[in-house]
Structure formats: structure tokens, C-alpha cells
1. Restricting to DSSP H runs of at least four residues, report the calculated mean residue ellipticity at 222 nm for the chain, -39500 (n - 2.57) per run over all residues, nearest 500 deg cm²/dmol.
2. Quote to one decimal, in nm, the extra length available between residue 5 and residue 28 on full extension: 0.36 nm per residue of separation minus the C-alpha distance between them.
3. Over segment 203-320, what is the relative contact order in whole percent, taking alpha-carbon pairs under 8 Å and six or more residues apart?
4. Residues with beta-carbon under 11 Å from that of residue 191, excluding residue 191: net charge, scoring Lys, Arg +1 and Asp, Glu -1?
5. Whole number please: convex hull volume per residue of the Cα set in segment 9-69, in Å³?
6. Give the Debye-formula value of log10 I(q)/I(0) at each listed q (0.07, 0.10, 0.14 Å⁻¹), with one equal scatterer per alpha carbon of the chain, two decimals each.
7. Report relative contact order for segment 9-69 in percent, whole number only (criteria: Cα-Cα under 8 Å, sequence separation at least 6).
8. Could you list which residues have their amide H under 5 Å from that of residue 122, counting only those 5 or more apart in sequence or on another chain, with H placed in the peptide plane?
Amino acid sequence: MERPRRDDVLELDVHDLAFGGAGVARHDGYVVFCRDTAPGDHVRARVVKARRRFAEADLVEVVTPGPGRIAPPCPYVPRCGGCRLQHVEYALALAAKRDQVAEHLARIGHLEGVDVREPDAAIEPFGYRNKMEYSAAPGPDGALHLGFHVRGRWDEIVDVEACLLASALGNAVRETVRAWAVAEGLTPYDQRSHTGQLRHVLVREGVATGQVLVSVVTSPGVEEPVDRLPAALTAAHPEVVGLVHSVNDGVAEVTSGLPTRLVHGRDWIEERVAGVTLRLSAAAFFQTNTRMTETLYARVAEAAGLDGNQVLYDLFAGVGSIGIALAKGAREVVAIEIVEEAVADAERNAAANGVANHTAIAGDVGVVLRERKGELPEPDVAIVDPPRGGLAGRAIRRILELAPPTLVYVSCQPATFADNAAKFVEGGYTLEWVRPVDMFPQTPHIEAVARFVR
Ligand SMILES: C[S@@+](CC[C@H](N)C(=O)[O-])C[C@H]1O[C@@H](n2cnc3c(N)ncnc32)[C@H](O)[C@@H]1O
């Protein structure tokens, strides 16, 4: 087998989709990953990286399209770095996500033959996101570009007039903010020179309540123009219940943890999901696909198998949504979450939904489980829903010590899930089943619910 070199142009038959959205092909047995391709495609592709065991190639030309290739409905594909699977027929992309979960469990976790079930398909293939974060940058002529990073670029933004993952209302709100910025003569922040005023615009919606919260992130010294934004927003969109303004005077492209003031209304919205009404603060995490959150939580309930008598731990609880939705089926719920605002939301949410058997604790899961050991009731069922990095070693050790008979793992990253799953299996658990739930259609992201028993 001769290994291809950088800049070689290869003819490839794509047979699979890899995690991350690239097509997979073989060249003399050597694996080549090629973005923007679909299974069944016959393509020409240029090698951009050649490693010992695999190469990455850029698509040059689709010679013969495969049966799973479709025309992406969004005009910003493939320049926009947001969606990577719009060119793949949905059923095929969904099946590939299932295979990727099984493949990660086998390759990373050495867990073969796991019951990875048929994924729950997305209810809405487009327009499903309840939260969008737009970046600002100057276009070639200096004019404001407001949208998402050009794929592979840190300094260039695709100017988006309509994002197909956002709702019609979310798109309209962004356009109102854009018109305000242009009318005020605000300059977009330039990542190269570190000059300019407008940096980010965030739009968060309560899909079931219709409430919208807008956040703008600017450089210092833009208070006066921002004070005029609520008038424009509320005149055009009565749904807007609040505007917050964060100031970033550093070079890092961050939107959280910044000095923030409330300019108008309130800094939270309400959302309804799984029979509960939730208050979501600007700083609190919430699932970005509200309708599929119903499906996700139904799978969590199935995996938890509560009978009304158990102590339930809701770890990485966010605004407490999972534990509150399941509280009726439990004797007692203990929620642990690191973001203080989210914990305050969780406490209010439990009370507002008439849930009295719920305690929310602020702190790191691993630390709280160690420090409050003996003080907290022992869990019968523990649910973990960590960020993409998965569980830290100490959190895994604490959970293994607590040894809840049932463990439910809600994962948003199959590689860290596979690693963590192996550690639970090593520690005495059986992985009964895994159910992918497609929260992120058109993108390669994978959400899955897993049930472990001791
Ligand atoms: C994927 S979200 C899940 C939230 C919630 N379960 C839901 O369904 O909306 C992960 C949450 O874990 C929190 N978190 C991250 N690291 C943590 C840690 N070490 N200890 C406790 N919470 C943490 C984040 O703030 C976030 O709210």
C-alpha cells in the first residue's frame, strides 16, 4: 500500500460517514476522510493531511453522486462552519449517528455488541434551535457581517440573513439587532486588529412560551447606543422580554463570564417542557432543541425506571429540568450543578412546579459528592448529564463508591461517553442499552441516553 502525500488528488468511493461529518473512503486500504461527501459518492479529493494511519482530503469534485446525497437547502453551505450534514439525506445521517455511537463504544471503550438502539429521529429537521449565538466581524468592505465563522477561519464571519436552524422569530430578532447596529453606526469587532464595537448577539427563545431574551456583547463604551436597542426590539417583537449587555474588553472570543448589566425587562425567560415550566437565566444551560428535549427526557425516564420510592440524583442538573420532571416518580431528588444562577433557577423551578421533594446544591459534582457523603440520602438512581468533556475521574470514582443500582448517562459526545462507559463497566456496571436521540439534525453532534445497572 502506498501512502498518499499532501496535494495528491485521489479518486475515492465514499462508503461511510465518520463522527464529525466527514465521508470515509479507502485508498488501497488506507483510510481517507473527506468532508462534504456522502456515502455512495464517487469523488475526486485533494489530500490536505497525510498521517501514518489515515489522511484528510478536501473535496475537489463529485464525479458521481451517491444515493444519499441531496442538495443542501441552505445557501451558506459549505462556507459556513455550522452545519456539516445538510448534503446528506436525513435517514442516512441518522443511521450513521447510531453506528458512530456503537463504533466509539467498541474502539474507545472496548465494549463490543452493546445494544445501541434505533435513534429517535428529530421532530423538526430545521428551525429547531432555541438559542443562537451570532458573531460580528467586518466584511471585506468593512461592513458588518453578523453570523457564524467561515469554516476553518477564526477571523471571518459568514453574513447570515436567514439561518435554517434558527426559528423565523429568532432570525427576525437578529435582523432587528443588525438594523439597530447599522443605524447607530456601530463598528464590528475585528479579530485581527482588536478594534471595533459589536462582538456578539445572542437570541434565546422559550419555544413553548414565545418569550425571547436578547444579549449583546460589545467592547467598552457603547452603553448609550445599547440603551436605545430595547425600543427597536420591543416595537418589532413584543415577544422580547429582556435585553442584557455584556462588555468584553479582552481579546478572547467569549460570551459568558463577562461583566453584564440588565438594560431592559428581565434576564430570564420561561420555557415549558415535559409538563414543567422552567425559568432559564441568561447564564444557565438549557437544551437547545426544546421539542426534542421532550423525547430526550422521556428516554431518561424510561432508563431511570422510577417506582415512586427511590432517591434520585440529578447530576449536572442545569436549571433542574430532568429532576423536576421526574420528581413525581421519586421519593426524593438531589440535584447538583456548578453554575450558581442555574441552581437558583432550579430552586425556583421546583417551587413553581409544586415539587417539594427536591434539593438543589451548587458545586462541582465530584466535590459535592465527597463533601456531603453521609449527609445526603444514598441514591437508588443517578442521572449524569455532563458537558462534552464527559465525567472527570473523581466524579466517576465518587459515583462508583455511591454505587447507585441504576445509572443513567445522558451524553452529548460519544467519544467521552465511550471512555466513561468503559470505566463504569470496569467498576461493576452492565451497560443495558443506549438510545441516540437526534437533538442536532444537519450537524454531526450526537446525543444519547444510556442505562447502566449494577
Ligand atoms: C449538558 S448540561 C445538562 C443540563 C441539564 N441536565 C439539562 O438537561 O438541561 C451540563 C450541565 O453541567 C454543568 N456542569 C459542568 N461541569 C460541572 C461540574 N463539574 N459539576 C457540576 N455541574 C457541572 C453545566 O453548568 C451544565 O448546566
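1. On the way: 10 runs with 111 residues, N = 454.
Taken over the chain, the calculation gives -7500 deg cm²/dmol.
2. Extra length available between residue 5 and residue 28 comes to 6.9 nm.
3. 23
4. Details: positive: 153, 192, 199; negative: 155, 156, 190, 253.
Its environment carries a net charge of -1.
5. Spread over its residues, the Cα hull of segment 9-69 gives 70 Å³ apiece.
6. Debye curve over Cα of the chain, log10 I(q)/I(0) at q = 0.07, 0.10, 0.14 Å⁻¹: -0.40, -0.81, -1.36.
7. 32
8. Amide H to amide H, under 5 Å and 5 or more residues apart or across chains, residue 122 pairs with 438.
Bear in mind that the values in this text are calculations on the coordinates, not laboratory data. The shown structure was predicted, so the numbers you read here are calculated from the model rather than taken from an experiment. In this analysis, Cβ positions are derived from the backbone assuming ideal geometry, glycine residues included, and neighbour counts consider all displayed protein chains.
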